[in-house]
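The values are calculated or read from the model by the stated rules, or taken from the named source; none is laboratory data. Fair warning: this is a prediction, and the values are worked out from it, not measured in the lab. Cβ coordinates were reconstructed from backbone atoms using ideal geometry, including for glycine residues, and neighbour counts include every protein chain displayed. Just so you know, the surface numbers come from the protein's heavy atoms only, side chains and all, with ligands and any DNA or RNA stripped out. Shrake-Rupley method; radii C 1.70, N 1.55, O 1.52, S 1.80 Å.
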Amino acid sequence: MTTPIVSVCISTYNHQRYISRCLESVVAQLPPGKLEILVGDDLSTDETRGIVTTFAQNWGDIIIPIFNEKNLGPSANLSQLIRRARGQFIAHLDGDDYWLPGKLAEQLAFLKVNATAPAVLSNALVISDDGSPIGFFTNYQKERVGLSDLVGNGNFLCHGSLLYRAEYKTRLLEIPMPYIDYMLLIRLAEIGPMGYLHHPFVAYRWNSTTSMRAAMRGLVHENFWHALKFAFGAGVDRVTLRRAVSHFFEQVTVANLIQGKLGAVWSWAQRLRNESPVPVMGAVLCGAMRMPLSLWRYLRKQYGSRKFKNTSVFYRR
């Protein structure tokens, strides 16, 4: 059996409204024989499996359905796909997002020229649940993303834009579950600076009805903090660490205040004091001072397509 150039790991759960667009965008990226598309459905209760089955029948050996007999959860579902991937390079994509033309070709060209880069990502077009364009994922200006950039700036990269060398997949499979994509990026950035393409090559659906960010925000915060604590032991300087703690406290505070969870804000403040590797008082004060601006940006992201104008960048860095 020929080894594909790229294995694409697509995670799905109740994505019947989106999965056709997702799969169409992936099969159009490279000629037949160069792609392997692994679709892991995590026990959907809608028609997602039927749609995936039809695509698999029409595309022969390119699309490989993997239908879980029980619900594994987002990270375990993704990890099983990574484990099965046979390609020289591996990409990730959620079933409610899709790629734009030229994504894989541009990223493969980058990795060919930059042999020491473990991975490459790109900007993304942010769309609403109904597919209307809202803005861009980030305004990040550099062409490389190092570990300090990732720790100090938070998770400002679109997971669905990731393409990495398959030789590093073992590092990702070693991550304890559950995890979020931020941990995957930190593990790759430990190897060396990752590439970043400014052009948007992904359509990222903001807070779709099946979004983990929307449905399990508390779990996302917990796993984000676990990822940061892991990164703290990787030799990042203390100034960057303080910025990371400040940014994290700002984000969890705004998210919990929006939901009226004052107790959760206090709980996180206590945890940061006890678990942070750097003094947190200054970091917490800095985060609190930025709170009004952060709250405004949060509201713009949540309601930008309906109530606010000029909503163009979701993660400003």
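Taking all protein chains together and rolling a 1.4 Å probe, Met177 ends up with roughly 110 Å² accessible. Using only alpha carbon pairs under 8 Å that are at least six residues apart, calculate the relative contact order of the chain and give it in whole percent. Once normalised by length, the contact order is 19 percent. The GluC sites (Glu not before Pro) of the range 61-143 meeting both criteria, a DSSP state outside H, G, I, E and B (loop) and at most 13 other C-beta atoms within 10 angstrom of the site's C-beta, are Glu69, Glu143.
Selection among Ala166, Gly102, Ser148 by position relative to the dipole of the range 81-185 gives Ala166 as farthest towards the positive end (Cβ unit charges, Cα centre). Around the amide H of Tyr179, modelled in the peptide plane, lie the amide H atoms of Ser75, all under 5 Å away and 5 or more residues distant in sequence or on another chain.
For every other residue with a beta carbon closer than 15 angstrom to the beta carbon of Val236, add +1 if it is Lys or Arg and -1 if Asp or Glu, then tell me the sum. Taking every Cβ under 15 Å from that of Val236, the sum is +2.
Computed from these coordinates, which is semi-axes √(5λ) of the Cα gyration tensor in Å: [x] 32, 22, 19; [y] 27, 26, 22; [z] 58, 18, 16? After the calculation, the listed value that fits is [x]. In a simple Cβ point-charge model (Lys, Arg +1; Asp, Glu -1; nothing else charged), the chain has a dipole of about 1040 debye relative to its Cα centre. For the chain, take the longest principal axis of its alpha carbons; what is the angle in degrees between that and the long axis of helix 238-258, to the nearest 10 within 0 to 90? Here the helix axis deviates by roughly 90 degrees.
In the elastic network of the chain, a GNM with C-alpha springs shorter than 10 Å, the most mobile of Asp42, Asp237, Asp129 is Asp237. Mind checking which of Leu81, Ser312, Ile134 is farthest towards the positive end of the chain's charge dipole, using Cβ charges of +1 (Lys, Arg) and -1 (Asp, Glu) about the Cα centre? Most positive-ward Cα: Ser312. Ordered by 1.4 Å accessible area with all protein chains kept, Val265, Val245 run largest first as Val265, Val245. Taking Lys and Arg as +1 and Asp and Glu as -1, the other residues whose beta-carbon sits under 9 Å from that of Asn77 total -2. Between Leu38, Leu241, Leu262, the GNM of the chain built on Cα springs shorter than 10 angstrom shows Leu262 fluctuating the most.
The Cα atoms of the range 1-137 give a gyration tensor whose axes a ≥ b ≥ c have a/c of 1.5 or more with a/b no greater than b/c, which makes the shape oblate. Here Ser25 sits with roughly 20 square angstrom of accessible surface, probe radius 1.4 Å.
Counting only protein heavy atoms and a probe of 1.4 Å, the accessible surface of the chain is 55% carbon and sulfur.
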